[in-house]
Amino acid sequence: MYTGATEYKDPLEDILGKSGVIVKDLMKPYLNKGYSLFTDNFYTSPQLSMYLHKRKTNTCGTVRKNRKLMPIIEGKLKLGERETRCTDKLLAIYWKDCCDVYMLTFMNTNEMVDTKKIDRKTGKKYLKPQSVVSYNKNMGAIDKIDMLLSYTKCVRCTLKWYKKLFFHVIDMSLLNAYSAYKTVTGKHISVADFQLTLVNEILQKYKTHFKTIPSKGKKSIILDSCLIERHFPDLIPQTSTKKQRRKCFVCSHKTVGKKRTDTLYQCNECNVGLCVVLRFKVCHTQQTF
């Protein structure tokens, strides 16, 4: 988790950049073992790719066109066209899809791969650069998670980094729950519908007995939900041995006289015992008693 610059400066920071140094540190246990690393455009750079390649680690990833030492690729391309620049080992690709795509790779060729899809506009086969297909295959799940989170995320701009981290964890938890829900039930609903249903169920289970109503004054009026909702008396569930009773919530209140009065009735919504004749109306019409 990146928390800002530190007093210690890595000797390679001037060459790799701050993002490149992060990758270098994380990849230490895996260097010189023939692994392949996929990175997004925040980390990918020619310097980092060369550094890892010298340590027997291939790289492939999207890259920002204005990265230091990136070759200049100018000109407007039509949909599906590509333009490349390369050294004897490193390949840079500019490909025109629905948006401009820049790739930097050590492990792919300049070949176009058939995706077995048909372009609806032209009716021709839909081709992609080999590096794009390889990147999507290995990074597609992460990009999809970012895409799904972007639609319904609850993160807001804040100067406190831990607040953003907290809400991001909430978003990830909801997305994991959504994935588990689809796996268990086999149902396919949108992430937004799933979150809305989940929020409603949480509110129903853990709702409070108070509701804040804005007033014309400086302070808001807090009303008990039993004053604005429809509640009905019900018998207390009985056992086979004896009748179950509960003390009346209103009768035992100190302002009424604090008397203990047992009753056979209760309000299921309020979860309190109430004398159905004398106190049920009082409890559901008066703010204080």
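Within the stretch 12-36, the set of residues being out of contact with any Gly (no Cβ under 8 Å at 6 or more places or on another chain) and of a type in the set (A, V, I, L, M) comprises 15, 16, 21, 22, 23, 26, 27, 31.
Going by what's in this entry, would residue 211 be described as modelled with pLDDT under 85 and under 12 Å from the mean Cα position of the chain (by Cα)? Break it down into steps so the answer makes sense when it comes.
Numbers: modelled with pLDDT under 85: yes; under 12 Å from the mean Cα position of the chain (by Cα): no.
Judged against the criteria, residue 211 is not a match.
Check every one of the strands (runs of 3 or more DSSP E) wholly within the stretch 26-137 and list those with 2 or more residues that are open to solvent by 50 Å² or more (accessible area, probe 1.4 Å). Working first, answer last.
Numbers: elements: 36-39, 58-62, 82-86, 91-96, 100-105, 112-118, 125-129.
By residue number, 82-86, 112-118, 125-129.
Looking across the stretch 150-191 at every residue that is part of a loop (DSSP other than H, G, I, E, B) and open to solvent by 100 Å² or more (accessible area, probe 1.4 Å), the one that is farthest from residue 202 (Cα to Cα) is identified as 159.
The residues of the stretch 66-99 that are under 20 Å from residue 134 (Cα atoms) and touching a Gly at 6+ places or on another chain (Cβ under 9 Å), listed by number, are 83, 94, 95, 96, 97.
The values are calculated or read from the model by the stated rules, or taken from the named source; none is laboratory data. Note that the structure is predicted; figures quoted are calculated from it, not measured. We place every Cβ from the backbone using ideal geometry, glycine too, and count neighbours over all the protein chains shown. Protein only, heavy atoms only, side chains kept; ligands, DNA and RNA dropped before computing areas. Shrake-Rupley method; radii C 1.70, N 1.55, O 1.52, S 1.80 Å.
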